[in-house]
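In what follows, a structure is listed as structure tokens, so that the remarks can point back to it.
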Amino acid sequence: MLECFLPKAEGLYNSAIFSSVIMPIVVIVSSNSRSAGIMQALAFSSLIIYTVAMAFFIEDSRPKTGLGNVKVKPKISEIILTIMVFTVAFIILKNLWLPITIALITFSTIYGYRGKSKLKEARELEEPLPVFVRDIADYRATGKSIYQAIVLSLKEKEYNERFKKEVMVVVNKLSLNSTDLRTDTGIWLFDYVFDCLDLIQKSGGGSTGILIELANMIEDIILEKEKVRRETALASYLTYIAPVLFTLVSASMLALLETIALGTSSGISIFPVNTFQVERDWLYLMIVANTFSNTYITGLLKEGSYENMYLTSITLAIALACILQMDNMVHILKTTVFGAR
């Protein structure tokens, strides 16, 4: 399954670079055409379509395991705070791209903190599972029941605190003479293992071989997920680079057009008179939208989830820093590369 997914991931790397190079050229060239509004709408719509299409593409390409974890949903308070931040920034700054950027960074930070914590929790619950099941198999080989093996494993073996906390919930149920081993953590792999243990116990206790097979299967799933994260790490680096690349291309185009405009004799121009007077807010908004798109796609590619939006706040901050330095970069390029005075 993984071998089919990774080559397709390489196409994502190429498309991310392609959008970061071609998109600013399209935006700048179309900004002063007679159909500027239509061209801008098409450029923005194409970015949305691209993002949605890549999301479906990645979801279809990823190896399928279980039903997936329960996702962290945005809170109403987070949405309200984001809207308030946008409104205040819009009233103060009197433009569109900067309030949108500030609002997205705000939402990505507060929601991303919860999402990152949930993904960390999922790993803490998943990683000890193969060892835990093998420990149960060892106790089962000595004649212990599944119930007894769980209690002894928790008491005598070493696991991380988050894992022990959830297993303790099961142990506490057993201490109350419950026969139900099932859990409801929202982490499908953890819940699946305890569903299997519950079924094995209720069907007669199972053999050591069955438990070892279960441990091997869970380990294969965890290793495959880790391999996907490792092999797609390049996408994260491209996400950091993309806003810088977008800004450099935009600054180069602006510097070139302004240099040509300065050197053109009166009344004669191979470019429209207002070509160098680019609608900066629109260009900046496209840099922000492109950055958000690349980061969203990268999260889906690497984690199979959109929850870790901490990365989005970082990349948007990079994009914001680049945009704020746009005029300086244009000036430097005009004087050093194009020789304008």
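Only the Cβ atoms of Lys and Arg (+1) and of Asp and Glu (-1) were treated as charged; on that basis the dipole of the stretch 126-227 about its Cα centre amounts to roughly 400 debye. Computed extension length for A141-S77: 17.8 nm, one decimal, from 0.36 nm per residue of separation with the Cα-Cα distance subtracted.
For the stretch 170-261, count all C-alpha to C-alpha pairs, find those more than 17 Å apart, and express that count as a whole percent of the total. If you can, show how the numbers build up before the last one.
On the way: 2932 of 4186 pairs.
For the stretch 170-261, the fraction of Cα-Cα distances above 17 Å is 70 percent.
Normalised by the number of residues in the stretch 126-227, the average gap of Cα pairs under 8 Å and 6 or more apart makes the relative contact order 41 percent. Hey, with R₀ at 41 Å, roughly what FRET efficiency would K173 and R230 work out to, going by the Cβ-Cβ distance, to 0.05? Calculated value: 0.65. For a straight C-alpha distance cut-off of 27 angstrom, the lysines reachable from K71 (same-chain residues fewer than eight places away being disregarded) are K8, K116, K118, K120, K164, K165, K173, K225, K227, K302. Each label was represented as a point 7 Å from its Cα along the Cα-to-Cβ direction; for F338 and F57 these points are 3.3 nm apart.
So if each residue of separation counts as 0.36 nm, and I subtract the Cα-Cα distance between K165 and I241, what length gain in nm does that give? Let's see the in-between values first.
Working: separation 76, 0.36 × 76 = 27.36 nm, distance 4.02 nm.
Here the segment from K165 to I241 would lengthen by 23.3 nm.
With both labels modelled 7 Å from their Cα along Cα-to-Cβ, the E213 to V88 distance reads 6.0 nm.
Straightening the chain between E156 and K202 buys 14.1 nm, computed as 0.36 nm per residue apart minus the Cα-Cα spacing.
With N set to the number of residues, divide the alpha-carbon radius of gyration of the stretch 126-227 by 2.2 N^0.38 Å and report two decimals. Each step should come with its number before you reach the end.
Values: Rg = 12.6 Å, N = 102, 2.2 N^0.38 = 12.8 Å.
For the stretch 126-227, the normalised Cα radius of gyration is 0.99.
Sequence-ordered 3J(HN,Hα) estimates for the stretch 226-236 from the Karplus curve with 6.51, -1.76 and 1.60 and θ = phi - 60° stand at 5, 5, 4, 4, 6, 6, 9, 4, 4, 4, 5 Hz, glycine and proline given as x.
Taking Cα pairs under 8 Å and at least six residues apart, what relative contact order does the stretch 45-199 come out at, in percent?
Values: 96 pairs, mean separation 33.6, N = 155.
About 22 percent, as a whole number.
Modelled this way, with points 7 Å down the Cα-to-C-beta line, the labels at D281 and R182 are 5.5 nm from one another.
Laboratory data are not the source of any read-out in this text; all were calculated from the coordinates shown. For clarity, every value in this text was computed on a predicted model and none was experimentally measured. Using ideal geometry, Cβ is built from the backbone for each residue, glycine included, and neighbour counts are taken over all protein chains shown.
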